[in-house]
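Structure record follows, encoded as structure tokens.
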Amino acid sequence: MPTDPRRPGRAVRRRPPNPLRALVLAVFLLFFVVPVLWLLLAATKTDEQLVHGDPLSAGSWSALRHNWDALTSYQDDAIFQWLGNSALYSFVALAITLCVTIPAGYALAMTEFRGRRTLLVATLVVMLMPNATLVVPLFLEVDAVHLVGSMWSIILPYSFYPFGVYLTYIYFSTAMPRELLAAAKLDGCSEFGAFRRIALPLAAPVVALVGFFSFVANWTNYFLPYVLLPESGQFPVQVGLGTLLNNVPQFNPTVGSLEVQRPELALATLLAITPVLVVFLFSQRFLVAGMLAGATKG
Amino acid sequence: MGAPSHGASRIAWPGRAGHGFVAPYVVLLIAFGVVPTVYAIYFAFTDASERFAGLSNFTTAAADFRFLPAIGHVALYLLVWLVFLVVLVVGLALSLHGLTVRAADRALRFLYYLPGALAGAASAMVWLFMLDPAVSPVGFLLRALGYDTFGQVIAPGHLPILLAVIAFWTGAGGWIVVMYGALNNISPDVLEAARIDGAGPWQVAWRIQLPLLRKWIVYMVILSFAAGTQLFVEPQLLSQASNGVAGRDYSLNQLSYDFAFQNDNVGSAAAISVELLVVGLVVAGLFVARSGFFDAD
């Protein structure tokens, strides 16, 4: 069609906007965003406003303040304790994950040793299995060594992060020039020296990537701590939310004296997601790059 | 860019430093991958006094009145969710990719992706409210459909759809971004050639873009399938919030949990775990072996 006025390559983007397309995109925008917006607003309302007011109207500072006070007084600052627990578990596990994962991914990508291929395949298989698969068996194992209730019973399983090993493996096998290592070897550098002086300084992007993913996975995990930690004082905030939920009279009419109002639950949910939300806002590119890396090599 | 990853190009130092690098990881892999698996198998085949029990734990679990319904629930949920996921994620990614205004498609991708931050218990919390006609911003819609109370909305028959909606809300944005990235990799020349040959947008999508997205769709379906069989937190919280209108043994993982902690029947709990484990292993193994996605060099 030589009369086609559109320039090559950009034609699709020059079409007039298709109203059907715009409508579909707008409907899904509402679907994805309205619940988040509602949650933000709910924390600023009283329970009465929540039921009778416009669902997407803002409440008041005083209601927010009241919800905050009510939430923090629940079991003497339990919410802060839970947030603190989440932070403790997530960050300690993150630190261990990085110390374990980066050298392992590096060795799989750059060095030759016996059992390397087996380890790689095992990593891929375990990585593709959802992490809830082993929770009940893990409980049986931890119970057998009498560690149920110890914080290590969830920190150590969190630290086992095959996806991180895989990401590191991909990163080093595509981004690290082998000549550098060969030169280091010729210069008499030890294998560990080469890792420390050459590979680690180059590894910053993948450290960030593994760090983000591991943190988000640890922070949002529910099943494992739910099964392995028996006492409220040890709960991470995700499990704590479940406890609060049990004390909301509208959801559980048999609740006793520890009543939690719905706006307090909304506020608690907001607090629980804040760290992940911050990570999301600052690292969208990273996180997406990681999802892509999950399916391709380089 | 394929990595030049043949054994020959890997650097071999004399000695065993390679093992030193992987040793801590191998310890964790054994402790939290291999040992629990072995443990599950051991418990699944022994009775309370640790004698070999044949398949009796499996038959006990399978004969339990909650077992078949749980399989049915999970299967129905998976079906609804995977259909949602494939149709809508691909449709939305194609729509976004065809947008004329660059800034709009970037902003939309981010906003679609945002609920991913609410993974886990948080998304279930949000949807408890969304599904309660008394407080939901779409309460008018729920009432128009004839549901006036939370209990009516989450009637057991609705759960597969509701759980699929929750999972879609949390996870779809990430996949949309992935699909969008894959669409960007299709050469504009190919699309232009099709257009010059007279193909409309639908034909371009159907004949060119969809076939090129295929492997990404497969990747998404397989990972989502494996994750979906492990359903736990959403039905658990729905059940808590509805005083049992949504049963506490809706999914297989919930049933396994109840066998272990309510019925004191560790063997049957392990038997269900083993079954779920086999599903997970088979899916992962097939994928690694067949797809070529993960060439272990």
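Every number here is computed from the coordinates shown, using simple stated rules; none is lab data. Everything numeric here is computed off the predicted structure, so don't read it as measured data. Here the Cβ positions follow ideal geometry from the backbone for every residue, glycine too, while neighbour counts run over all protein chains shown.
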- Task: Would you please give the FRET efficiency between B:ARG214 and A:LEU200, computed as 1/(1 + (r/R0)^6) with r the Cβ-Cβ distance and R0 = 30 Å, to the nearest 0.05?
- Result: 0.20
- Theoretical FRET efficiency, 1/(1+(r/R0)^6), r = Cβ-Cβ of B:ALA103 and A:ALA175, R0 41 Å, to 0.05: 0.85
- Message: Could you give each residue of region A:22-27 its phi-based ³J(HN,Hα) in whole Hz, using Karplus coefficients 6.51, -1.76, 1.60 with θ = phi - 60°, and x for Gly or Pro?
- Response: 4, 5, 4, 4, 5, 4
- Query: If you add up the charges near A:GLN250, with Lys and Arg at +1 and Asp and Glu at -1, over every other residue whose beta carbon is less than 11 angstrom from its beta carbon, what do you get?
  - Reply: -2
- Query: On a 0 to 90 degree scale, rounded to 10, what angle separates helix A:162-175 from the longest Cα axis of chain A?
  - Reply: 40
- Item | Approximate spin-label separation A:LEU186-A:VAL51, in nm, with each point projected 7 Å along Cα-to-Cβ | 8.0
- Query: What list of ³J(HN,Hα) couplings, whole Hz, do you get for region A:83-100 from phi and the Karplus terms 6.51, -1.76, 1.60, once you set θ to phi - 60° and write x for glycine and proline?
  - Reply: 4, x, 4, 4, 5, 4, 4, 5, 6, 4, 5, 4, 4, 5, 3, 5, 4, 8
- Item | Length-normalised contact order for region A:78-293 - Cα pairs under 8 Å, 6+ apart - percent | 31
- Message: Roughly how far apart, in whole Å, are the Cα centres of region A:88-108 and region B:55-92?
- Response: 34
- Message: Give me the percent relative contact order of region B:64-264, please, defined on Cα pairs under 8 angstrom at least 6 residues apart.
- Response: 34
- Task: Assign unit charges at the C-beta atoms only (+1 for Lys and Arg, -1 for Asp and Glu), then state the dipole size of region A:78-293 relative to its Cα centre in Debye, rounded to the nearest 20.
- Result: 640
- Note on the structure: Taking a ≥ b ≥ c as the square roots of the Cα gyration tensor eigenvalues, with a/c under 1.5 meaning rounded and otherwise prolate when a/b beats b/c or oblate if not, region A:78-293 comes out prolate
- Could you list which residues have their amide H under 5 Å from that of B:THR46, counting only those 5 or more apart in sequence or on another chain, with H placed in the peptide plane? B:ALA53
- Task: Calculate the radius of gyration of the Cα atoms of region B:36-115 to one decimal place, then report Dmax, the largest Cα-Cα distance, as a whole number, both in Å.
- Result: 23.1, 69
- Message: Taking 0.36 nm per residue of sequence separation and subtracting the Cα-Cα distance, how much length would be gained by fully extending the chain between A:VAL145 and A:TRP61, in nm to one decimal?
- Response: 25.2 nm
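For each of A:THR118, B:THR100, count neighbouring Cβ atoms within 10 Å of the residue's Cβ, then give the residues from fewest to most.
A:THR118, B:THR100
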- Message: Kirkwood hydrodynamic radius, computed over distinct alpha-carbon pairs, for chain B: how many Å, to one decimal?
- Response: 22.7
- What list of ³J(HN,Hα) values in whole Hz, one per residue of region B:267-284 in order, does the Karplus curve 6.51 cos²θ - 1.76 cosθ + 1.60 (θ = phi - 60°) give from phi, with Gly and Pro shown as x? x, 6, 4, 5, 4, 5, 4, 4, 4, 5, 4, 4, 4, x, 5, 4, 4, 5
- Item | Long-range tail of P(r) for region B:13-82 (Cα pairs > 19 Å, %) | 64
- Cα-based Debye curve of region A:176-258 sampled at q = 0.23 Å⁻¹ gives log₁₀ I(q)/I(0) of -1.04
- Quick one: grab the alpha carbon gyration tensor of region B:121-161, order the square roots of its eigenvalues as a ≥ b ≥ c, and give me rounded if a/c is under 1.5, else prolate or oblate depending on whether a/b is larger than b/c. oblate
- Query: What Rg and what Dmax come out for the protein assembly as shown when only alpha-carbon atoms are used, in angstroms?
  - Reply: 25.4, 84
- Under 1.5 on a/c is rounded, so check that first for region B:219-282, then, if it is not, pick prolate when a/b is larger than b/c and oblate when it is not; a ≥ b ≥ c are the square roots of the alpha carbon gyration tensor eigenvalues. oblate
